[in-house]
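The values are calculated or read from the model by the stated rules, or taken from the named source; none is laboratory data. Since we're looking at a predicted model, the values are computed, not measured. Don't worry about glycine lacking a Cβ; one is built from the backbone with ideal geometry, like all the others, and counts go over all protein chains shown. Surface areas here come from the heavy atoms of the whole protein model, side chains and all, with no ligands, DNA or RNA. Shrake-Rupley method; radii C 1.70, N 1.55, O 1.52, S 1.80 Å.
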Amino acid sequence: FYYPQSSTHDSLFINIMRVVYPELINTSAKIIRSQKPELLERFKNDGYLLIDTLENRIPSDMPEKERIALIRINENNLLKRTEQFSNSYFSYTIKRSVHKGLSDNAKGKLGTMYNHPLPFPSNGNQKKFREELKTGLRRRKFVTLEDDIVIL
């Protein structure tokens, strides 16, 4: 997500940018990628942050049951990495295995959490991801106003 030089496998970045910055909805992935350093800076300055549940990559071929167990075992590390933030933020889990892997206790410590996982934006889930994220932002008192997301 945060690698400015990435030119592939960045559907999460592309699709988050298209929701958070609606003026990019019809912009090609190539153009969005070319603006990645500026968009990442804007994303940060606008108060957004994406944190991986685990610090190390999960092998893509790992069965979901094992992913869930790995996330549960390591949730204290995630909580430690997020304790510097106040609990006055909204959080979203991306992928069902992440949502299932986090205990209710952990979810309660991760700000105000959207009540279900967002699908990962790949393999045909891009549109569903964008719709869910947009719905989630609106439900958490973010509103779309004149192509900008404004916090109420």
Exercise. Of all residues in the range 113-136, which are open to solvent by less than 70 Å² (accessible area, probe 1.4 Å), over 16 Å from Asp52 (Cα atoms) and touching a helix residue (DSSP H, G or I) at 6+ places or on another chain (Cβ under 8 Å)?
Worked result: Tyr114, His116, Ser122, Gln126, Phe129, Arg130, Leu133
Problem set entry | Where a residue in the range 1-15 is in contact (Cβ under 8 Å) with a residue 60 or more places away in the chain and its partner, wherever it lies, is surrounded by 17 or more Cβ atoms within 10 Å (Cβ to Cβ) and part of a loop (DSSP other than H, G, I, E, B), with Cβ under 6 Å and at least six apart | Ser11/Pro121; Leu12/Pro121; Asn15/Pro121
For this session: Being open to solvent by 30 Å² or more (accessible area, probe 1.4 Å) and either more than 22 Å from Arg138 (Cα to Cα) or in contact with a strand residue (DSSP E or B) (Cβ under 9 Å, 6 or more places away or on another chain) (or both) is the filter; apply it to the range 100-112 and report the residue that is modelled with the lowest pLDDT.
Result: Thr112
Exercise. Among the candidates Lys36, Lys30, Lys95, Lys44, which residue alone is over 17 Å from the mean Cα position of the chain (by Cα) and not aromatic (Phe, Trp, Tyr)?
Worked result: Lys30
For this session: Might you let me know whether the range 88-96 holds any residue that is part of a helix (DSSP H, G or I) and within 20 Å of Asn125 (Cα to Cα)?
Result: yes
For this session: Find all pairs meeting these conditions: Cβ atoms under 6 angstrom apart; at least six residues apart or on different chains; first residue within the range 91-115 and under 16 Å from Phe129 (Cα atoms); second residue surrounded by fewer than 16 Cβ atoms within 10 Å (Cβ to Cβ).
Result: Ser97/Glu64
